[in-house]
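Novice: The structure is given below, and queries will be raised subsequently.
Derivation of every value follows stated rules applied to the coordinates shown; laboratory data play no part. Keep in mind the model is a prediction, meaning the values are calculated, not measured. Cβ atoms come from the backbone with ideal geometry, glycine included; neighbour counts cover every protein chain shown.
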Amino acid sequence: MTYSVHSTATIPTASAQKYIDQLAKHWGHKCEVAQADGVTSVTFPFAAVAMRAFDDHLQVDVSTATHEHLTKSKEVFMAHIDRFAFREAPLAATWQDKAD
């Protein structure tokens, strides 16, 4: 699928890799999950998500075909990460949207 709508978020946390591992395991039951070169990718029917862990933050890139799917994908991502990061939740995400 071709994705032309994208958004990138920076989420401050010292537990980025832990949360990425939890999300990958959770979503791996229903979606394709791949890990390579420090990037964990999840392919949903309506979006592609790439996550990277840094010492002080998590970076997530979401790509979709429509703005509606992008909005829903960001909501789903934040709801899930807040569930796993319940001690820190709600996590603050700074999203930067862009389109091709």
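Novice: For the range 1-14, enumerate the residues that are surrounded by fewer than 18 Cβ atoms within 10 Å (Cβ to Cβ) and either within 10 Å of residue 56 (Cβ to Cβ) or acidic (Asp, Glu) (or both).
Specialist: Residues of the range 1-14 that are surrounded by fewer than 18 Cβ atoms within 10 Å (Cβ to Cβ), as a first pass: 1-4, 6, 8, 10, 12, 14.
10, 12, 14, listed by residue number.
Novice: Additional query: Going by the structure shown, is residue 70 within 26 Å of residue 100 (Cβ to Cβ), touching a residue at least 60 places away in the same chain (Cβ under 8 Å) and not acidic (Asp, Glu)?
Specialist: Values: within 26 Å of residue 100 (Cβ to Cβ): yes; touching a residue at least 60 places away in the same chain (Cβ under 8 Å): yes; not acidic (Asp, Glu): yes.
Yes.
Novice: For the range 29-38, indicate whether the set of residues that are of a type in the set (Val, Ile, Thr), under 11 Å from the mean Cα position of the chain (by Cα) and part of a strand (DSSP E or B) is non-empty. Give the steps one after another, and end with the answer.
Specialist: Keep residues of the range 29-38 that are of a type in the set (Val, Ile, Thr), which gives 33.
If we keep only those that are under 11 Å from the mean Cα position of the chain (by Cα) as well, we get none.
No, the range 29-38 contains no residue that is of a type in the set (Val, Ile, Thr), under 11 Å from the mean Cα position of the chain (by Cα) and part of a strand (DSSP E or B).
Novice: Here is a follow-up. Identify, please: which residue in the range 16-26 is crowded, with 16+ Cβ neighbours inside 10 Å and in contact (Cβ under 8 Å) with a residue 40 or more places away in the chain and is, among those, nearest to the chain's Cα centre (by Cα)?
Specialist: The selected residue is 23.
Novice: Of the residues in the range 44-65, how many are farther than 23 Å from residue 88 by Cβ and either surrounded by fewer than 14 Cβ atoms within 10 Å (Cβ to Cβ) or acidic (Asp, Glu) (or both)?
Specialist: Number of matching residues: 1.
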